[in-house]
Amino acid sequence: MKQSFYDLTYSDLESVIHQNNLNDSVASVLFNWHYKKKATVPCVDKIAKGAAAFFESNFDFALPEIDIVQESSNDRTVKFLFKLKDNHKVETVLIPFHNKYSICLSSQVGCAMNCSFCFTGTQGLKRNLTTSEIVGQFIQAWRWLAANRPGEERILNIVFMGQGEPLHNFDAVKKACEIFLSKHGTSIGIQKITISTAGYIPGLKRWSEEIPGVNLALSLHSPFEDKRNELIPINRKYPLAEVLAMIDQIHLNKKQFVTYEYILIKDFNDSTEDATKLGELLVGKSAYINLIPFNAFPGSQYQSPAVDKITQFKATLDTFKIPTLIRTAKGDDVLAACGQLNSRVGV
Ligand code: SAH
């Protein structure tokens, strides 16, 4: 089977080119063609015939196919269901703000974390995505925008908050980040990429050593170990205290902060006591809190708190002077909001 072109980082591509005695300039031409232009056909007339023939016969340029597109009628959120070569499916979401978009990428088919509040977890883990399947979600979403909302093909932020635990598929996610960052291609700024984790410590260790500068988000959800155990089963193996200690050791750039995500669940983690403990835990850190009212999905056992309860929770955090944002659900009419992705259902 041919290797996917989209699995190659720029330096991988350079090695292929050297090993096969092709002209050095081919690397930048190909990255420009496939990542900057996002051309739908292989590059043939911009490089020597021999080089073009070499890439055509040794590399696969196919990308995950768009199976279903759902556009939210509330807020222009777009959800894609992609069909992979082995017929597995994953979802990707474009989240709009002022005619620009953030893209929420999936990193695995399903997820092994089995968090009690997350729809993806009910699928179990099927497999890791490859780098080309991760990068492919971005390119295909961009092409869809160019064709369907011309002039709006501006995807400025990348968040690994779709299906899967990105740090559990470290190698492929790291390579995808390297490709996104490449100046020869999409040239996304390092501060525009965020990886969200449930707190998988082996991945966090590698993250801090191998891709510093990429932003980190931790799904915190409860400051109490026993409650967090109930929500996020891997907390039993990698307790919050150890995760936070690990994060504290990570060197952050001057203006960089860690995002702590907190799902608000009615009568479970929405009390003043929860907010106070959360504030005590994070005060003094370079922290930013995202409060996410729980998003329901078919069969879910939790509910979102009433609005005044949410405002009260934020007010308690404000006394600690930690920047806190209440994140409104986008695209929930098409099950595209946080925790609603489940490609088995694909609705
Ligand atoms: N595995 C990674 C990334 C995927 S989840 C992680 O755990 O961070 C992306 C975000 O959506 C996480 O903060 C997750 O906790 C949140 N989320 C999951 N299910 C949700 C739900 N039903 N309602 C609101 N947010 C949810």
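M246 passes all but one of (1) under 19 Å from Y200 (Cα atoms); (2) within 12 Å of the ligand (Cβ to nearest atom); which number fails?
Condition not satisfied by M246: (2).
Determine which member of the set G279, G213 is more than 16 Å from the ligand (Cβ to nearest atom) and in a helix (DSSP H, G or I).
Working: G213 fails: in a helix (DSSP H, G or I).
From the options G279, G213, the qualifying one is G279.
Check whether at least one residue in region 171-181 is aromatic (F, W, Y), in contact (Cβ under 8 Å) with a residue 12 or more places away in the chain, outside the structural domain of S28 (by TED's automatic domain parsing) and under 23 Å from N269 (Cβ atoms), and report yes or no.
Residues of region 171-181 that are aromatic (F, W, Y), as a first pass: 180.
From the residues that got through so far, the ones that are in contact (Cβ under 8 Å) with a residue 12 or more places away in the chain too are 180.
Now drop any that are not outside the structural domain of S28 (by TED's automatic domain parsing), which leaves 180.
Within this subset, residues satisfying the condition of being under 23 Å from N269 (Cβ atoms) are none.
No, region 171-181 contains no residue that is aromatic (F, W, Y), in contact (Cβ under 8 Å) with a residue 12 or more places away in the chain, outside the structural domain of S28 (by TED's automatic domain parsing) and under 23 Å from N269 (Cβ atoms).
Please name all residue pairs, on different chains or six or more residues apart, with Cβ atoms under 6 Å, provided the first residue is in region 203-220 and is touching a residue at least 24 places away in the same chain (Cβ under 8 Å) and the second residue is assigned to a strand (DSSP E or B) and aromatic (F, W, Y).
L218/Y260; L220/Y260; L220/Y262
Would you check which residues across region 182-210 are within 15 Å of L240 (Cα to Cα) and either more than 16 Å from the ligand (Cβ to nearest atom) or outside the structural domain of Q256 (by TED's automatic domain parsing) (or both) and list them?
K205
Assuming D67 fulfils every condition listed in (1) touching a residue at least 24 places away in the same chain (Cβ under 8 Å); (2) buried (at least 21 other Cβ atoms within 10 Å of the Cβ); (3) out of contact with any Asp or Glu (no Cβ under 9 Å at 6 or more places or on another chain) apart from one, which condition is it?
Of (1) touching a residue at least 24 places away in the same chain (Cβ under 8 Å); (2) buried (at least 21 other Cβ atoms within 10 Å of the Cβ); (3) out of contact with any Asp or Glu (no Cβ under 9 Å at 6 or more places or on another chain), only one is false for D67: (2).
For residues that are within 14 Å of the ligand (Cβ to nearest atom) and either crowded, with 19+ Cβ neighbours inside 10 Å or among the aliphatic types (A, V, I, L, M) (or both), tally how many sit in region 282-301.
Looking only at region 282-301, we keep the residues that are within 14 Å of the ligand (Cβ to nearest atom), and these are 288-301.
When the remaining residues are screened for being either crowded, with 19+ Cβ neighbours inside 10 Å or among the aliphatic types (A, V, I, L, M) (or both), the result is 289-297.
Matching residues across region 282-301 total 9.
Mind listing whichever residues of region 26-56 are touching a residue at least 12 places away in the same chain (Cβ under 8 Å) and either more than 25 Å from R143 (Cβ to Cβ) or in contact with a strand residue (DSSP E or B) (Cβ under 9 Å, 6 or more places away or on another chain) (or both)?
P42, A48, G50, F54
Just the residues that are under 18 Å from S187 (Cβ atoms), outside any loop (DSSP other than H, G, I, E, B) and small (G, A, S), please, taken from region 3-49.
Residues satisfying the conditions are S11, A27, S28.
Which condition number does A52 fail, the rest of (1) within 22 Å of the chain's Cα centre (by Cα); (2) in a helix (DSSP H, G or I); (3) of a type in the set (A, V, I, L, M) being met?
Tallying (1) within 22 Å of the chain's Cα centre (by Cα); (2) in a helix (DSSP H, G or I); (3) of a type in the set (A, V, I, L, M), A52 fails exactly one: (1).
How many residues are farther than 23 Å from R327 by Cβ, out of contact with any Ser or Thr (no Cβ under 9 Å at 6 or more places or on another chain) and either among the small types (G, A, S) or within 16 Å of the ligand (Cβ to nearest atom) (or both) if we restrict to region 75-111?
Number satisfying all stated conditions: 0.
Can you name the residue in region 32-87 that is in the same structural domain as N99 (by TED's automatic domain parsing) and at positive phi and, of all such residues, is modelled with the lowest pLDDT?
This residue is R76.
All but one of (1) within 17 Å of the chain's Cα centre (by Cα); (2) surrounded by fewer than 19 Cβ atoms within 10 Å (Cβ to Cβ) hold for S196; which doesn't?
(2) is the only condition that S196 fails.
Return the only residue of K174, K237 being over 24 Å from L13 (Cα atoms), of a type in the set (D, E, K, R) and either within 15 Å of the ligand (Cβ to nearest atom) or not in a loop (DSSP other than H, G, I, E, B) (or both). Lay out the reasoning, then the answer.
Working: K174 fails: over 24 Å from L13 (Cα atoms).
Matching residue, one of K174, K237: K237.
The values are calculated or read from the model by the stated rules, or taken from the named source; none is laboratory data. Computed from a predicted structure; not experimentally measured. When we count neighbours, we look across all protein chains shown, and the Cβ atoms used for this are built from the backbone with ideal geometry, even at glycine.
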